[in-house]
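Some notes on the structure that comes next.
The values are calculated or read from the model by the stated rules, or taken from the named source; none is laboratory data. Since this is a predicted model, take the numbers as computed values, not measurements. Using ideal geometry, Cβ is built from the backbone for each residue, glycine included, and neighbour counts are taken over all protein chains shown.
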Amino acid sequence: MRSAAGMLLAYAAGRMSPVETVQASLAAIAADHQRVNAWVHVAAEAALREAQASELRWARGEPCGALDGVPVGVKDLLAVAGQPMRRGSPAYPADFMPAEDAPIVARLRAAGAILIGKTATPDSGCKLDTSSLVHGITRNPYNAALTAGGSSGGTGAALALGHVPIAIGTDGGGSIRVPAAYCGVFGIKPSIGRIPAPIGPFWPHAVTGPMTRGVLDTALVWNTVTQPEARDPYVMPAARLDWVAETKLGVAGLRVALTTSFNGIGAAPEITQAVQNAAEALARAGAIVQLDEPAWPCDPLKPFMVFWRCMYAQSLAMMPPDQAANVDPFIKDIAAAAAAISRSEFQQAMTQRDLLALAMSNFHQKYDLMICPVMPCQPWPAGRASPLPFDEDDWSWCPFAYPFNMTRQPAASIPMGIDANGLPLAAQIVAAMGRDDLVLRAAFAIEANNH
C-alpha cells in the first residue's frame, strides 16, 4: 500500500486510479479478515462508486480536495453517515445508521477521502485490547495469538496490513498510542481541541485523530482536519501553518528529556533500548538530549481511575435502562466502582489533574520534548484487557500513556523497529500542550533515521 501522499502524486500523473486503489484495498481486507478481524463494516459498493467519481475528477484534472481518492478507515466509535455504528457494543442496534458524520469524518469526506468502512473497537473503547461481544477479537497482524492493543486496535491492524494508508482512532487513555505501538504504525494523540471531536462524557480526556503508516501522511491529513468546527466549542483556532512543511523543519537545538521510567516503573529491556535509540536519533539530528523525569505532584493513577470510572458511569446513566443492561459486563463493573466515589473525591481528582498539567507545563519550560515508553511490555495474548497476572481493570502496570490524557498535551507513538520475536517496538514523544508541531518534527526526524 502506497502512502496517501504517494497515491495523490500517482493519481495526478495518471499512473494509478482511485478505482484500482479501492479494489486493492477491498481485496486485502477480505484476504486478512479471518486471521485478524480488523474491520466491522466494509462499505464496498459505496466505496467503489466514490472511487469511480474520483477517477473522473482526476481525469479532468479537477480533484475535489486534498485527499481525493484516498481510502480511509474510521473507528466504530465515530459516526459515518450511511454506515452502521455499533460502538463495539450489543447495546446499540445492528441497523443503526447515523445521519450525520462526526466532525473529523465530515472534514475527510469534504476533502474527497473514500470512507471504506469501520474498524473494530471494544465496547465504547473500554479496553487496551480490542475485543467485543458483537465483533469478537481483533488480533495482532504480526502474531495473531496476541493483542493488537486497544481501543483503536482495528485501526492499527488495518494500517499495519496496508488495507488503507489512513485510519481514524480515538484516545482517552492510550487508545491511539497503544495499538500504534503494538502494530508498528504512527499514532499521535493531539492536544485537546486541536482536532474537533464530539462532546460527551469522555471529554476532555478523549480526542480523535488519524493514525497512519508514516509521519508525513499524518501531517497531510492534519491540514484538512485541524479546522474549527461548531460542534466542538472548545476547538483551537485554525493553525496558521502547513503541517507538512512544519513537520520537515527538523529538531536542531530542541531540548529533549529522555525518560525510561515513571514513579519507579520501567519497561522491558528491549523497549527501554528502543526509547534510548529514539533519543539518540534526535541527538544525531541536532537535539540536546538529557536524562530526566517529570516530578509528579501526585500519583497520576489515582485521579485517572476516578475519571475513568465516572466517565463510564455517566455514559451508562445517559442510556435508557434496557439499553444499558446490554453493555459489556466489563463496563458495568467499571461503572459500579464509581458508586463509591464521593463528590469530594471527584473534586480532589479535578484538582490533581490540574496539578499534573501544571507540573508538565513547568517541565516543558526546561524541555521542548520528552521521549519515554508507550507501554512497559510487548503484546500479551489477545482477548484480555491486561496481561496476566493483572486484573483487567488494573492500570497500575502501564503508567506511560494515560497521564497525558489528563494533562491534555500531545503525545505520539513512533515505530522503532522489530524485536527478537518479530514484534514492533515503539517510543513515545511528548510535548507541551499546543506544541503538536514539535511532536511531528521529532517523529519525522526519528522516522528518517530509522529508514
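For the range 173-219, the set of residues classified as polar (S, T, N, Q) and under 21 Å from residue 66 (Cβ atoms) consists of 208, 212, 218, listed by residue number.
Residues of the range 208-230 that are over 27 Å from residue 183 (Cβ atoms) and either buried (at least 18 other Cβ atoms within 10 Å of the Cβ) or within 21 Å of the chain's Cα centre (by Cα) (or both): 227, 228, 229. Taking (1) over 22 Å from residue 211 (Cβ atoms); (2) under 19 Å from the mean Cα position of the chain (by Cα) in turn, residue 367 satisfies each apart from (2).
Checking each residue in the range 130-149 for being in a loop (DSSP other than H, G, I, E, B) and either closer than 14 Å to residue 179 by Cα or in contact with a Phe, Trp or Tyr (Cβ under 8 Å, 6 or more places away or on another chain) (or both) picks out 130, 138, 141, 142, 148, 149.
If you check residue 262 against the conditions, is it surrounded by 21 or more Cβ atoms within 10 Å (Cβ to Cβ) and either more than 27 Å from residue 123 (Cβ to Cβ) or without any contact (Cβ under 8 Å) to a residue 40 or more places away in the chain (or both)? So residue 262 fits the description; yes.
All of 46, 12 fail the test of being in the same structural domain as residue 220 (by TED's automatic domain parsing), within 26 Å of residue 130 (Cβ to Cβ) and among the aliphatic types (A, V, I, L, M), apart from 46.
Answer yes or no as to whether residue 1 is surrounded by 15 or more Cβ atoms within 10 Å (Cβ to Cβ) and in contact with a His (Cβ under 9 Å, 6 or more places away or on another chain). Judged against the criteria, residue 1 is a match. Does residue 153 meet the test of being surrounded by fewer than 24 Cβ atoms within 10 Å (Cβ to Cβ), touching a Pro at 6+ places or on another chain (Cβ under 9 Å) and not aliphatic (A, V, I, L, M)? No. Residues in the range 401-451 that are on the phi > 0 side of the Ramachandran plot and among the hydroxyl-bearing types (Ser, Thr, Tyr): none.
Report, by residue number, each residue of the range 368-407 that is of a type in the set (Phe, Trp, Tyr) and surrounded by fewer than 16 Cβ atoms within 10 Å (Cβ to Cβ). The answer is 390, 397. For the range 279-327, the tally of residues that are outside any helix (DSSP H, G or I), farther than 23 Å from residue 401 by Cβ and either in contact with a His (Cβ under 8 Å, 6 or more places away or on another chain) or among the polar types (S, T, N, Q) (or both) stands at 1. If the condition is being in a strand (DSSP E or B) and over 15 Å from the mean Cα position of the chain (by Cα), then the range 410-449 contributes 416, 417, 418, 424, 425, 431.
Conditions tested, residue by residue: (1) in contact (Cβ under 8 Å) with a residue 24 or more places away in the chain; (2) β-branched (Val, Ile, Thr); (3) surrounded by fewer than 19 Cβ atoms within 10 Å (Cβ to Cβ); (4) touching a Gly at 6+ places or on another chain (Cβ under 8 Å).
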site: 29; (1), (2), (3), (4): yes, yes, no, yes
site: 38; (1), (2), (3), (4): yes, no, no, yes
site: 108; (1), (2), (3), (4): yes, no, no, no
site: 118; (1), (2), (3), (4): yes, no, no, yes
site: 122; (1), (2), (3), (4): yes, no, no, yes
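Taking residue 166, is it out of contact with any strand residue (DSSP E or B) (no Cβ under 7 Å at 6 or more places or on another chain) and either in the same structural domain as residue 434 (by TED's automatic domain parsing) or of a type in the set (A, V, I, L, M) (or both)? Judged against the criteria, residue 166 is not a match.
Taking the criterion of being of a type in the set (D, E, K, R) and either within 30 Å of residue 254 (Cβ to Cβ) or free of Cβ contacts under 8 Å to residues at least 24 places away in the same chain (or both), the residues of the range 285-317 that qualify are 292, 293, 299. Looking only at residues in the range 233-245 that are under 21 Å from the mean Cα position of the chain (by Cα) and at pLDDT 95 or above, the one that is surrounded by the most Cβ atoms within 10 Å (Cβ to Cβ) is 243.
A Cβ distance below 7 Å, combined with a sequence gap of six or more or placement on separate chains, defines the contacts here; from the range 409-437, residues that are surrounded by fewer than 24 Cβ atoms within 10 Å (Cβ to Cβ) reach residues that are in a loop (DSSP other than H, G, I, E, B) and of a type in the set (Gly, Ala, Ser) in the pairs 433/191; 434/191.
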